[in-house]
Amino acid sequence: MRFEVERKFLVSDDRWRAGVVSQRRLTDGLIGQFDMGKVRVRLDEGRAWLTVKGARVGLGRPEFEYEIPRADAAAMLGLVCDTCLIEKTRHCVPHAGHVWEIDVYDGTLAGMILAEVELEHEEQPFERPDWLGPEVTGDLRFRQSSLLRRSGQAGRLLTVEEVLSAPM
């Protein structure tokens, strides 16, 4: 078991693009949610896996990942998760000893860009890149399930400003 500790931020501008060392296209599908946890399937160009995430404890949560056949993941995305797909391109940007993952969303969440950094523990210091915007770690409005739900209710893409103006 792995205990994932991550911090999530908005980005202030596109300067992060100059530091990109790799990128990959991801499709996520929510299989189910339970007691503050979730099960999702994820597919990229080369592999597929199931992820079980437990309830948050502070900034972290237990996480279990299991690689599965790509054909199984594609079938799950089409048959089990068709109404709650997340499509994004993940860009990796090294900065001051950490690798930042910048997710640029497509599809239902097009226009949303979020940056994450994984840490070894909650108090681990890290240097904030100049292009980093406000922190949204723990802000329920920026969870993927919340973004999908609000976008579906609106019947259109949401702007970051609309999400920020929504009640927490």
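Hey, among Pro69, Pro62, which residue is under 15 Å from Glu4 (Cα atoms) and either surrounded by 15 or more Cβ atoms within 10 Å (Cβ to Cβ) or at pLDDT 95 or above (or both)? Reasoning before the result, please.
On the way: Pro69 fails: under 15 Å from Glu4 (Cα atoms).
Pro62 is the lone residue from the list that is under 15 Å from Glu4 (Cα atoms) and either surrounded by 15 or more Cβ atoms within 10 Å (Cβ to Cβ) or at pLDDT 95 or above (or both).
Would you mind finding the one in Val136, Val41, Val93, Val104 that is out of contact with any helix residue (DSSP H, G or I) (no Cβ under 8 Å at 6 or more places or on another chain), hydrophobic (A, V, I, L, M, F, W, C) and either within 18 Å of Val5 (Cβ to Cβ) or surrounded by 14 or more Cβ atoms within 10 Å (Cβ to Cβ) (or both)?
Just one listed residue meets the conditions, Val104.
Test Val57 against the criterion of being surrounded by fewer than 18 Cβ atoms within 10 Å (Cβ to Cβ), under 28 Å from Gly133 (Cβ atoms), among the aliphatic types (A, V, I, L, M) and touching a His at 6+ places or on another chain (Cβ under 9 Å), and give yes or no. Spelling it out, it is not the case that Val57 is surrounded by fewer than 18 Cβ atoms within 10 Å (Cβ to Cβ), under 28 Å from Gly133 (Cβ atoms), among the aliphatic types (A, V, I, L, M) and touching a His at 6+ places or on another chain (Cβ under 9 Å). With at pLDDT 95 or above, within 21 Å of Glu135 (Cβ to Cβ) and among the small types (Gly, Ala, Ser) as the only criterion, which of Ala18, Ala96 stands out? Testing whether each residue is at pLDDT 95 or above, within 21 Å of Glu135 (Cβ to Cβ) and among the small types (Gly, Ala, Ser) leaves just Ala96.
From the residues in region 17-57 that are under 23 Å from His98 (Cβ atoms) and among the hydroxyl-bearing types (Ser, Thr, Tyr), which one is nearest to the chain's Cα centre (by Cα)? Ranking the qualifying residues of region 17-57, first place goes to Thr51.
State the number of residues belonging to region 81-109 that are in a loop (DSSP other than H, G, I, E, B) and within 18 Å of Arg24 (Cβ to Cβ). Looking only at that region, the number is 1.
The residues of region 32-54 that are part of a strand (DSSP E or B), out of contact with any Ser or Thr (no Cβ under 9 Å at 6 or more places or on another chain) and modelled with pLDDT of 90 or more, listed by number, are Ala48, Trp49, Leu50, Thr51, Val52, Lys53.
Sub-6 Å Cβ pairs linking a first residue in region 37-64 that is in contact (Cβ under 8 Å) with a residue 60 or more places away in the chain to a second residue that is of a type in the set (Lys, Arg) and not in a loop (DSSP other than H, G, I, E, B), at least 6 apart or interchain, are Lys38/Lys53; Glu63/Arg2; Glu63/Lys53, ordered by first then second residue.
Out of Glu65, Glu45, Glu101, Glu87, I need the residue that is touching a Phe, Trp or Tyr at 6+ places or on another chain (Cβ under 6 Å) and not basic (Lys, Arg). Which one? Walk me through how you get there before you give the answer.
Working: Glu45 fails: touching a Phe, Trp or Tyr at 6+ places or on another chain (Cβ under 6 Å); Glu101 fails: touching a Phe, Trp or Tyr at 6+ places or on another chain (Cβ under 6 Å); Glu87 fails: touching a Phe, Trp or Tyr at 6+ places or on another chain (Cβ under 6 Å).
Result of the check over Glu65, Glu45, Glu101, Glu87: Glu65.
If you scan region 98-113, which residues turn out to be more than 15 Å from Val20 (Cβ to Cβ) and among the hydrophobic types (A, V, I, L, M, F, W, C)?
The initial filter retains those residues of region 98-113 that are more than 15 Å from Val20 (Cβ to Cβ), namely 105-112.
Within region 98-113, Leu109, Ala110, Met112 meet the criteria.
The values are calculated or read from the model by the stated rules, or taken from the named source; none is laboratory data. Keep in mind that what you see is a predicted model, and the values were worked out from it rather than measured. Cβ coordinates were reconstructed from backbone atoms using ideal geometry, including for glycine residues, and neighbour counts include every protein chain displayed.
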